[in-house]
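Before any comments, here is the structure.
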Amino acid sequence: MRPLAAHIDLDALRHNYRVATACAPRSQSVAVIKANAYGHGALACAKALEPLAPALAVACIEEALVLREGGITAPIVLLEGFFDADELALVDARGFWVSVHSEWQVEALEAFRPQTPIPVWLKVDSGMHRLGFAPERVAAIWQRLKTAPGVGELHLMSHFATADAGDSGYFERQLARITALGETLDAPLCLANSPATLAYPAAHGAWNRPGVMLYGSNPLEVDNAITRELRPVMSLRSEIIALREIAAGEPVGYGGRWRAARHSRIAVVAAGYGDGVDRHAVDGTPVLVNGQRCPLVGRVSMDMLTVDVTDVTSAAIGSEVTLWGQSESGAHLGVDEVARYCDAISYTLLTGVLPRVPRLYSGA
Ligand SMILES: *Cc1c(COP(=O)(O)O)cnc(C)c1O
């Protein structure tokens, strides 16, 4: 069998969830498992988190239905809300919570008579300028939803544009806007994504919405005492399937992007962009071979990539290769570090692992 697999450590996932709750003791934390749990497998992650998390969050009803059909009974929040008024019957029947960001959704909820009032997170555009109502419209919408018989518990929700950036100027303005609204309306708040959960206690509300940190990635530009506690959940590992020696001056791979500066030993690894390895990975992107760092060289192909193992004397056919996460020997290569070599972010690398790659779970 092809040796490539994404090893998913569900103990690490639960540990990271506990880190998220420990750093926000006044808040409840909804575990964000949209996009197939950032590539980790939504149902397996939901089952691992359900005993800890009071609610789970996905982007849309299709993702939520997969979880219900898989036996998940926890409340599930639809972060993008419903796309059509027809979805409300299923939302009601399956016990989903919805975010509401547009006037037509408010009208649909006012007209709907569910069996159980639907919990609603009213989305405010405090400065992200993507989804949500402008702050000056929120009081009126809030009153309408408060008095709609089909609407259950109501929260104000907002999303930060720059919580990961360290420069808090814009963040502070967003926070001030939404906090003022929350005070005026006496509304419970749901604001913090992972970076705000990690770095801005002032943004912790009744609920937080940590996502990427649950998978062990640090979305901040620098580490802090909390981020250092996070453990990688996915380890993407394969093996060397061929080795060759090339003379100084010889190129490797498509376009001959990399050329050997010395007589070199090149390992071919079974992993490529057809698996989700980013083709933007530059020469020098770190890879672990038998736990030892060495540089990716040459362009990533669809099913393979090449690594310079001249300095790894132990490298042989069948040697273990870690593209990110933890090697079998316990060496560590952060997905955040790899992303910097790919003009990417951990989010795109993790969600980009394609269905061809088997997910192997431990700690279930
Ligand atoms: C994806 C998402 C989150 C989680 O963001 P992270 O940066 O992964 O923690 C939180 N809130 C909303 C609305 C989202 O779409």
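I'm trying to understand the selection: among the residues of the stretch 247-267, which are in contact with a Lys or Arg (Cβ under 8 Å, 6 or more places away or on another chain) and either of a type in the set (Asp, Glu) or within 21 Å of Ile317 (Cβ to Cβ) (or both)?
Glu250, Val252, Gly253, Arg265, Ile266 - these are the residues of the stretch 247-267 that are in contact with a Lys or Arg (Cβ under 8 Å, 6 or more places away or on another chain) and either of a type in the set (Asp, Glu) or within 21 Å of Ile317 (Cβ to Cβ) (or both).
Would you mind stating whether Pro188 is surrounded by fewer than 22 Cβ atoms within 10 Å (Cβ to Cβ) and touching a Phe, Trp or Tyr at 6+ places or on another chain (Cβ under 8 Å)?
The answer is yes for Pro188.
If you take the residues of the stretch 213-245 that are crowded, with 18+ Cβ neighbours inside 10 Å and free of Cβ contacts under 8 Å to residues at least 60 places away in the same chain, which of them is nearest to the ligand (Cβ to nearest atom)?
In this case the residue turns out to be Leu220.
Taking into account only those residues within the stretch 43-62 that are within 13 Å of the ligand (Cβ to nearest atom) and surrounded by fewer than 24 Cβ atoms within 10 Å (Cβ to Cβ), which is nearest to Ser346 (Cα to Cα)?
By that ranking, first place goes to Ala59.
Out of everything in the stretch 313-336 that is of a type outside the set (Gly, Ala, Ser) and loosely packed, with under 14 Cβ neighbours inside 10 Å, what residue ends up being farthest from Glu245 (Cα to Cα)?
For the stretch 313-336, the residue satisfying everything is Glu328.
If you check Asp86, Asp92, which single one turns out to be acidic (Asp, Glu) and exposed (fewer than 13 other Cβ atoms within 10 Å of the Cβ)?
Going through Asp86, Asp92 in turn, the sole match is Asp86.
How about the stretch 186-212: which of its residues are touching a strand residue (DSSP E or B) at 6+ places or on another chain (Cβ under 7 Å), more than 12 Å from the ligand (Cβ to nearest atom) and either free of Cβ contacts under 8 Å to residues at least 40 places away in the same chain or in a helix (DSSP H, G or I) (or both)?
Passing the criteria: Pro188, Leu189.
Only one of these conditions is not met by Gly298: (1) buried (at least 21 other Cβ atoms within 10 Å of the Cβ); (2) under 25 Å from the mean Cα position of the chain (by Cα). Which number is it?
Unmet for Gly298, out of (1) buried (at least 21 other Cβ atoms within 10 Å of the Cβ); (2) under 25 Å from the mean Cα position of the chain (by Cα): (2).
Which one is nearest to Leu360 (Cα to Cα) among residues in the stretch 12-31 that are assigned to a helix (DSSP H, G or I) and touching a Pro at 6+ places or on another chain (Cβ under 8 Å)?
The residue in question is Ala12.
Take the stretch 136-171 and flag every residue that is without any contact (Cβ under 8 Å) to a residue 24 or more places away in the chain and surrounded by 14 or more Cβ atoms within 10 Å (Cβ to Cβ).
Of everything in the stretch 136-171, just one residue is without any contact (Cβ under 8 Å) to a residue 24 or more places away in the chain and surrounded by 14 or more Cβ atoms within 10 Å (Cβ to Cβ), namely Thr162.
Any residue at all in the stretch 257-274 that's touching a residue at least 60 places away in the same chain (Cβ under 8 Å), crowded, with 20+ Cβ neighbours inside 10 Å and away from the ligand (no atom under 16 Å from the Cβ)?
Looking for residues that are touching a residue at least 60 places away in the same chain (Cβ under 8 Å), crowded, with 20+ Cβ neighbours inside 10 Å and away from the ligand (no atom under 16 Å from the Cβ), one finds at least one in the stretch 257-274, hence yes.
For the stretch 54-62, state whether one or more residues are within 25 Å of Glu320 (Cβ to Cβ) and either outside any helix (DSSP H, G or I) or out of contact with any Leu (no Cβ under 7 Å at 6 or more places or on another chain) (or both).
Among the residues of the stretch 54-62, not one is within 25 Å of Glu320 (Cβ to Cβ) and either outside any helix (DSSP H, G or I) or out of contact with any Leu (no Cβ under 7 Å at 6 or more places or on another chain) (or both), which makes the answer no.
With the condition kept exactly as written, say whether any residue in the stretch 222-234 is small (Gly, Ala, Ser), in a loop (DSSP other than H, G, I, E, B) and at pLDDT 95 or above.
Looking through the stretch 222-234, none of the residues is small (Gly, Ala, Ser), in a loop (DSSP other than H, G, I, E, B) and at pLDDT 95 or above.
The values are calculated or read from the model by the stated rules, or taken from the named source; none is laboratory data. All values reported here derive from a predicted model rather than from experimental measurement. Glycine gets a Cβ as well: all are built from the backbone with ideal geometry, and neighbour counts include every protein chain shown.
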